[in-house]
1. Suppose we filter A:LEU335, A:LEU313, A:LEU347 for residues that are at pLDDT 80 or above, surrounded by 11 or more Cβ atoms within 10 Å (Cβ to Cβ) and more than 23 Å from A:SER102 (Cα to Cα); which single one remains?
2. Can you say whether B:LEU4 is modelled with pLDDT under 90, within 30 Å of A:GLY132 (Cβ to Cβ), in a helix (DSSP H, G or I) and out of contact with any strand residue (DSSP E or B) (no Cβ under 8 Å at 6 or more places or on another chain), as far as the supplied structure shows?
3. Among A:PHE146, A:PHE172, which is the only one that is within 8 Å of chain B (Cβ to nearest Cβ) and among the aromatic types (Phe, Trp, Tyr)?
4. Going through the stretch A:310-350 one residue at a time, which ones are among the β-branched types (Val, Ile, Thr) and within 20 Å of the chain's Cα centre (by Cα)?
5. Under 9 Å between Cβ atoms, which residue pairs at least 6 apart in sequence (or on different chains) link something in the stretch A:51-74 that is within 10 Å of chain B (Cβ to nearest Cβ) with a partner that is crowded, with 24+ Cβ neighbours inside 10 Å and of a type in the set (Lys, Arg)?
6. Working carefully through the options A:GLU61, A:GLU68, find the one that is more than 30 Å from A:VAL338 (Cβ to Cβ) and of a type outside the set (Lys, Arg).
Amino acid sequence: MGDDVVLVIVVATALAFGFTNGFHDTANVIGTSLSTKAMSPRMAVAYTSILNFAGAFISLEVAATIAEDVIDAGGISPTVVFAGVIGAIAWNLITWYWGLPSSSSHALIGGVVGSTLAAVGTGAVLADGLVGDVLVPAVVAPMVAFLIGGVAIALVYRIVGGMRPGPVTRGFRLGQTAMGGLLAVAHGTNDAQKTMGAITLALIANGTLAEGAEVPFWVVVSAAVAIALGTYSGGWRIIRRIGMRVVKMDAAQGFTAQGAGSAVILASSYVGFPLSTTQVISGAVMGAGAGRRLSPARWGLATNIALAWLVTLPAAAAIGAAAYGATRAFGTGALGPVVVTVIAVVLVVAAFARRARHGAPIPAG
Amino acid sequence: MRALVSLVDMDALVESVAAAVVAGVGVIVAFSLAVYGAARFADERRTGASGSATFAAAVTLVALAACAIAVGVGIVIIVSDRV
């Protein structure tokens, strides 16, 4: 009975993570469309939410990587997954509060690795999966997106450079509507699977599923709903930072950034790499904007974003480990997860209330 | 460095990078040709050059078809490989 209560709490917490993932990350997906005025904010949010939902159904490779290749599910309990997800949610909300676009994906993996280290030491952390499937792609993917964005925009300007700007801008804005949709599908494909992976990891750890079992359909549907609702709820602070402040783009650059981001995320989803879509999109935006000189203030923002990425894994790991310690302080039953959940909900509500009173956290520039 | 390489599934990494570069640059360039063709079509039609306008329209249609096929094939490949 106690195990079942813990499992229900883990599933609910993982879905809450999926919601915050949509809330936190997906704004980046529509930032480029808003920056170039290809879509209105209201339409972009609704359109992206629907396509995020659809994207969740096209692949399960990333979910399999999260559930099987990073942590040995047989060596942990659902409480460990719970603490890891709490670490990820806490880090997502901290970075949301300060308007920093860090990676939800790395927060989840960092949180679960941290809680696993606190619970059972290094024995249950699969180093080859962590390095080969997460850390190396995390470094390579934004660079590839930057490269594609930079090479493609050079070719685009060669092709349309001599044409009248009016029709060209209209053409690329139309293209952004379609490519923005593809980017939303790509984001849904990679990011919704992280929630699916966390739930599946908990189900395996609980003995409800056998190791190597397929992700249950109810998990796919619930993760898709969670990320779509999170997206719809919006993350306007982060939109402003990525889409409008780091690089001011024209429509061709916006289209190119979306295309480069989509290509990298979809190709990585195909082979099962759980990428930070935030990092990939930012790399693509930087690549497509590389033809324009960035002001020192803009480079300063980019540096802040890079620093947020660097600290995400260790910070989420530390919070995940602390959450595990707090949970175990109440014993091995369901009481610990219940108490930690209540504390987390109170802190989240307080953060939202404080942010609502004080307005947007992003300084001008 | 060798130890790091031994932890990475190089085949999957190279496959994903190659697919992303080819598909990403290819679709973006194809759509740019479509935009070029559409803009050129409008200009040529205004000046009454019907032959050039027809060619520009054909470039647009072929380029848009190439984009749609590339995206469609990509999605089908991902879906068909679903575990």
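The values are calculated or read from the model by the stated rules, or taken from the named source; none is laboratory data. Please read these numbers as outputs of a predicted model, since none were measured by experiment. Cβ coordinates were reconstructed from backbone atoms using ideal geometry, including for glycine residues, and neighbour counts include every protein chain displayed.
1. Numbers: A:LEU313 fails: more than 23 Å from A:SER102 (Cα to Cα); A:LEU347 fails: more than 23 Å from A:SER102 (Cα to Cα).
It is A:LEU335.
2. Details: modelled with pLDDT under 90: yes; within 30 Å of A:GLY132 (Cβ to Cβ): yes; in a helix (DSSP H, G or I): yes; out of contact with any strand residue (DSSP E or B) (no Cβ under 8 Å at 6 or more places or on another chain): yes.
The answer is yes for B:LEU4.
3. Details: A:PHE146 fails: within 8 Å of chain B (Cβ to nearest Cβ).
Selected residue: A:PHE172, the only one of A:PHE146, A:PHE172 that is within 8 Å of chain B (Cβ to nearest Cβ) and among the aromatic types (Phe, Trp, Tyr).
4. Initial filter on the stretch A:310-350 (among the β-branched types (Val, Ile, Thr)): A:311-312, A:319, A:327, A:332, A:338-343, A:345-346, A:348-349.
Those that are among the β-branched types (Val, Ile, Thr) and within 20 Å of the chain's Cα centre (by Cα): A:VAL311, A:THR312, A:ILE319, A:VAL348.
5. Filtered contacts from the stretch A:51-74: A:ALA63/A:LYS194.
6. Working: A:GLU68 fails: more than 30 Å from A:VAL338 (Cβ to Cβ).
The conditions single out A:GLU61.
Condition check ((1) in a helix (DSSP H, G or I); (2) facing chain A (nearest Cβ under 10 Å); (3) touching a residue at least 60 places away in the same chain (Cβ under 8 Å); (4) crowded, with 19+ Cβ neighbours inside 10 Å) across all residues:
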residue: B:ALA19; (1), (2), (3), (4): yes, yes, no, yes
residue: B:ILE28; (1), (2), (3), (4): yes, yes, no, yes
residue: B:ALA38; (1), (2), (3), (4): yes, yes, no, yes
residue: B:PHE41; (1), (2), (3), (4): yes, yes, no, yes
residue: B:PHE55; (1), (2), (3), (4): yes, no, no, no
residue: B:ALA65; (1), (2), (3), (4): yes, no, no, no
residue: B:ILE77; (1), (2), (3), (4): yes, yes, no, no
